[in-house]
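Taken together, the values in this text are just the output of simple stated rules run on the coordinates, not laboratory data. In this text the structure is predicted, and so the values were computed from the model without any measurement. Methodologically, a virtual Cβ is constructed for each residue, glycine included, from the backbone with ideal geometry; neighbour enumeration extends over all protein chains shown.
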């Protein structure tokens, strides 16, 4: 249908797996799973629920009669009660006990947390896969000198691999935060309308221990370690803020990487993959635009903007709850994950196939290294008996003249040839070429790369061996 808006996160960017995780089918099947877990636990603790009722519920757990639910929702204007009705129309013997004692948020909130948990695990898998590809790239280019920049001005040399470690370190920090979030996930649990469990106290004739046991049994059946100790009607919306913050951090890291690559592609030092039939511009046939990196930045910007949305939602939950979070959550939670999934698909695709142009990098080093090498030249001449102040002034004068040639006349950097002609620097004339070897100016960059990957990245990769094999396909 081309006459109705379609969400590009679904049609262009996110994977089918992530889209499925937030689908109605996943959501409503989880609702039924939650109703079954509640009924099983209530039966186990002595309520009048039969095995036949539970078996009939299980029979229809994945067979959702959507048309019945949709028609019922038009009448009652309540999605949960519409699905309770639809489930009861199938599992007829269980109709009286479906949703027994529960409030709507029993299914909506617990299902939402489970979907978020599953989505976070998908994000972690792709994050690890990106780290795997980037670490291989870093080790491959650990000793390749390149210009390092501060303020986007040439500063000192680093290596291509060491720079990749900066991208990796961002992701390692994100991995830690994501893992912490996953380890501390809790369900809303079985709390009733305002979180007091009053309805369940009534069902169990005031036996608080059975009510506590009910929640523990339900949570256990759902595969989560624990539930929040106290809630209002909903789980704390601060959890959604924490989720968005972690997603935002990953988006920030991807944005930084993609921005760096766009700069390097402009300099023709590195390039994202560019397919044989790909068109860079409708007007300029020669162009090779960094469209994957630009798309990362565009999607990441959206994700980065979302934590403030959840902060507002969290801070405006009146007393035990208000419903203005509901419509908002239907949009923000799923779309944040879909957008970040698209970001990581692109990041993975790029990191697997980045191109490095070593001769261009070497050319840029040659243009700047003479200036960077002057301190070493000065020290070597002083060690040979020269006057530091006099030599410093001579180097300054030669540098200024050479800079004029480069900037005003568009010529090559001739500083070294000037020094070679100056008898005041005779002490280093025979060694100046070896002094100018770029590898003399990269410090511990090569070893830092090896140490960082060995001590901080490799342990993460070893813990997540299956994730390392993930590859991504981009749709457009």
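Quick notes
- Space enclosed by the convex hull of the alpha-carbon atoms of segment 374-435, per residue, Å³: 73
- With Cα atoms, 0 to 90° folded angle of helix 291-304 axis to the chain main axis: 50
- For segment 88-231, the Cα-based Rg and Dmax, in that order, read 25.0, 76 Å.
- Sorted by Cβ neighbour density within 10 Å, fewest at the top, the residues 325, 24: 24, 325
- Rounded FRET efficiency, nearest 0.05, which uses the C-beta distance separating residue 230 from residue 403 and R0 of 60 Å: 0.30
- Part-to-part distance (alpha-carbon centres) for segment 232-260 and segment 401-467, which is given in Å: 38
- FRET efficiency for the residue 437 to residue 314 pair, using the beta carbon distance and R₀ = 51 Å, is estimated at 0.35.
- Rel. contact order, % - alpha carbon contacts under 8 angstrom, at least six apart, segment 374-435: 38
- Alpha-carbon spread of segment 1-133, three principal axes, descending order, Å: 56, 41, 24
- Label-to-label distance for residue 326 and residue 476 is 3.4 nm, based on points extended 7 Å past Cα in the beta-carbon direction.
- Computed from the alpha carbon atoms alone, the convex hull of the chain holds 202 Å³ per residue.
- The relative contact order of the chain, computed from alpha carbon pairs under 8 Å that lie at least 6 residues apart in sequence, is 21 percent.
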